[in-house]
Amino acid sequence: MSRKDGSGFDWLTPPEMLHNRKRSKDSLSDDWETPQELFDFIVGEIGFTPELDACAEYGNNKCAKFYSKEEDGLAHEFKNWNIWINPPHSETAKWVKHANQQWERNNVNIVMLIPANTMSSIYFHKYVEAVVRTTKLVRYFPLLGRIRFLQNGKQSQHKSRNSYIVVVFNKRK
C-alpha cells in the first residue's frame, strides 16, 4: 500500500544511486511512458480523470483518446475533455505554454508531468508560477523520488535522473 509520504512506491531511488552511471542511448530518447501506478496515483491526487492523452503513441497511451506524434497535440485545441500531458522533454516549454493557453482559452482541466528543473525556467514562471500566484485553480506539487519510466512497454533499466512535478490547471466553474 502506498502512502502520502511516498513510501511504498517502487519509483523511489535513494539519492546515493543517482547520477553515478553513464547515460545510455535509450536515456536520450523522448519516448518514455508513464507507469500506470504513477498515473493512477496522480489521478487520485488531482480531483479529475484525464480523458485525452495529448502526447502518446498507440500502446503507451494513458487515455482511450490520444494524439500521436503525427497528430501533434500542439496543433489541437483542447476542448470538451480532461487532458493528460507527459510531454517529450525536448519540447517541455512548448507544451507548458500550450497547456496554459488552452486552459485560459477553453476552460479545461489539464494535468502535466514535467521535470522539476523546469521550475527555474522563464517559461515555467510565465505560464505556471505567475498564474499560481493569481488563482487557486492552478497548482503544482513535487513527486518524491525518481520515476522508472517504461519504454516499449517495459520498465527501463534505470530510474530517471530527473525529479518531477505535477502541474494542474483546474477549469473554472
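The values are calculated or read from the model by the stated rules, or taken from the named source; none is laboratory data. These numbers come from a predicted model, not from an experiment. All Cβ positions, even for glycine, are placed from backbone atoms using ideal geometry, and neighbour counts span all protein chains on display.
Of note:
- Residue tally, condition acidic (Asp, Glu), surrounded by 17 or more Cβ atoms within 10 Å (Cβ to Cβ) and in contact (Cβ under 8 Å) with a residue 60 or more places away in the chain, over segment 42-63: 0
- Residue within segment 64-82 that is within 26 Å of residue 44 (Cβ to Cβ), surrounded by 14 or more Cβ atoms within 10 Å (Cβ to Cβ) and aliphatic (A, V, I, L, M) present: no
- When residue 148 is tested against (1) modelled with pLDDT of 95 or more; (2) under 16 Å from the mean Cα position of the chain (by Cα), only condition (1) is not met.
- Scope segment 157-173; condition touching a strand residue (DSSP E or B) at 6+ places or on another chain (Cβ under 7 Å) and closer than 17 Å to residue 37 by Cβ; matching residues: 164, 166
- Test: residue in segment 91-108 that is polar (S, T, N, Q) and under 24 Å from residue 152 (Cα atoms): yes
- Yes/no for residue 74 being touching a residue at least 12 places away in the same chain (Cβ under 8 Å) and touching a strand residue (DSSP E or B) at 6+ places or on another chain (Cβ under 8 Å): no
- Candidates 93, 99 - the one that is at pLDDT 95 or above, out of contact with any Cys (no Cβ under 7 Å at 6 or more places or on another chain) and buried (at least 19 other Cβ atoms within 10 Å of the Cβ): 99
- Segment 72-87, residues that are outside any helix (DSSP H, G or I) and touching a helix residue (DSSP H, G or I) at 6+ places or on another chain (Cβ under 8 Å): 77, 78, 79, 83, 84, 85, 87
- Close contacts from segment 131-143, counting a first residue that is in contact (Cβ under 8 Å) with a residue 60 or more places away in the chain and a second that is exposed (fewer than 15 other Cβ atoms within 10 Å of the Cβ) and part of a loop (DSSP other than H, G, I, E, B), with Cβ to Cβ under 7 Å and a gap of 6+ residues or different chains, come to none at all.
- Only one of 127, 123, 140 that is in contact with a strand residue (DSSP E or B) (Cβ under 7 Å, 6 or more places away or on another chain), farther than 22 Å from residue 68 by Cα, surrounded by 15 or more Cβ atoms within 10 Å (Cβ to Cβ) and of a type in the set (Phe, Trp, Tyr): 140
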